[in-house]
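I have placed the structure first, in the form of structure tokens, so that the comments after it can refer back to it.
The values are calculated or read from the model by the stated rules, or taken from the named source; none is laboratory data. What you see is a predicted model; the values in this text were computed from it and never measured. Cβ placement follows ideal geometry from the backbone for every residue including glycine, while neighbour counts extend to all protein chains displayed.
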Amino acid sequence: MHDDGHGPGPARRQDQGAARHEHGHSHHRAHSPSHEGARAAGRLRHRLAHLLTPHSHESADRLDPALEASARGLRALWVSLAVLGATAAVQAVVVVLSGSVALLGDTVHNTADALTAVPLGIAFLLGRRAANRRFTYGYGRAEDLAGLAIVLTIGASAAFAGWTAFERLLSPRPVEHVPAVAVAALVGFAGNEWVARYRIRVGRSIGSAALVADGLHARTDGFTSLAVLAGAGGSALGWQAADPVVGLAITAAIALMLRDAAREVLRRVMDAVDPALVDRAERALSAVEGVHGVGELRLRWIGHRLRAEVAVVVDGEATVRQAHAIAVDAEHALLHAVPRLTAALVHADPAPVAGQADPHLALAHHARV
């Protein structure tokens, strides 16, 4: 496995890699000269390609984009907090003047949306901390916990908005300063839509499901602001129930958005990945010289970064160094093929031979039923 900034030194990694890519074979024969020549030619072509397209897979070079992604996420959060905070402040003033429960629900939701930047910001900061002997994968999963906090915040704001609108529906009263309510609704829509576009763009760029969920949250808030505008129009026409009815409609819209955001966040917590990424990884591995087959392949998100674990089938007569070289080539191919992949643990299995026992037989009694 290539180091991602938190593991042992290069020499030690090579020793560990050689050990884990060997399955206890005590006798090996070297590959034929023609085979070795083909591998040497392939390596030469690859090195020439690297010279023409300079890049690196050293740990520091791979860590910098990850830190840059966290910095971009933090910047998106603080900018969003400022914009939504200003939007909610304008709406709050109008709520006090008008008494509109529809606008109150929208204001509360905008405030909650702005405050979700706090747990997500903490998660991004934690994710930049180095892995240690207790948190051996680092702190990236804090981002998933922040996503859960966002989902709970959305649910709480929906409950508050719905209860307030229901109470007003039972005891309707006219809305005052209707033009101001309409302006505040337009301000809410503009602020939320801008924040939604910004968060979703950055979230997808850095692979943060929590930030994308927060962006979808803001987009729904923008449409609920337009619903407040409709309620203001109904109140201007003398329909007193328009304001609480729109408030209930806003609650329903929040509930729908809550379902989508919760599904995305829970999938991430359960280590779900896009199957297309698995297909891409398998194709990349199958194209590596010396890989005769792809066994178990696992991908998982840790924050907004991916890690992989895979078993590849190699020639059973390969030496330890040859098997390790194939495993390194396989990891290299994965790093190129799978976006936001920072490390892969590649395990080399010998190709099965008729009449020989399965080399994993000693592990059979540990298999889960």
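Summary table below
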read-out	value
Residues that are of a type outside the set (D, E, K, R), crowded, with 24+ Cβ neighbours inside 10 Å and within 28 Å of Phe124 (Cβ to Cβ), drawn from the range 172-211	Gly188, Gly191, Asn192, Val195, Ser208, Ala210, Leu211
Check on Leu169, surrounded by fewer than 17 Cβ atoms within 10 Å (Cβ to Cβ), assigned by TED's automatic domain parsing to the domain that holds Ala241 and over 17 Å from Ser235 (Cβ atoms)	no
Single residue of the range 97-143 satisfying the filter (among the hydroxyl-bearing types (Ser, Thr, Tyr) and touching a helix residue (DSSP H, G or I) at 6+ places or on another chain (Cβ under 9 Å)) that is modelled with the highest pLDDT	Tyr139
Members of the range 78-130 found to be under 12 Å from Ala218 (Cα atoms), surrounded by fewer than 24 Cβ atoms within 10 Å (Cβ to Cβ) and either under 18 Å from the mean Cα position of the chain (by Cα) or hydroxyl-bearing (Ser, Thr, Tyr) (or both), listed by number	Thr111
Those residues of the range 100-122 which are touching a His at 6+ places or on another chain (Cβ under 9 Å) and either in a loop (DSSP other than H, G, I, E, B) or closer than 26 Å to Gln240 by Cβ (or both), in sequence order	Ser100, His109, Thr116
Residues that are over 30 Å from Gly162 (Cβ atoms), surrounded by 15 or more Cβ atoms within 10 Å (Cβ to Cβ) and either in contact with a helix residue (DSSP H, G or I) (Cβ under 8 Å, 6 or more places away or on another chain) or aromatic (Phe, Trp, Tyr) (or both), drawn from the range 254-285	Arg280, Ala281, Ala284, Leu285
All positions within the range 85-121 that are closer than 19 Å to Leu211 by Cβ and hydrophobic (A, V, I, L, M, F, W, C)	Ala112, Ala114, Leu115, Ala117, Val118, Leu120
Of the criteria (1) in a helix (DSSP H, G or I); (2) within 22 Å of Trp239 (Cβ to Cβ); (3) of a type outside the set (Lys, Arg), which one Gly147 fails	(2)
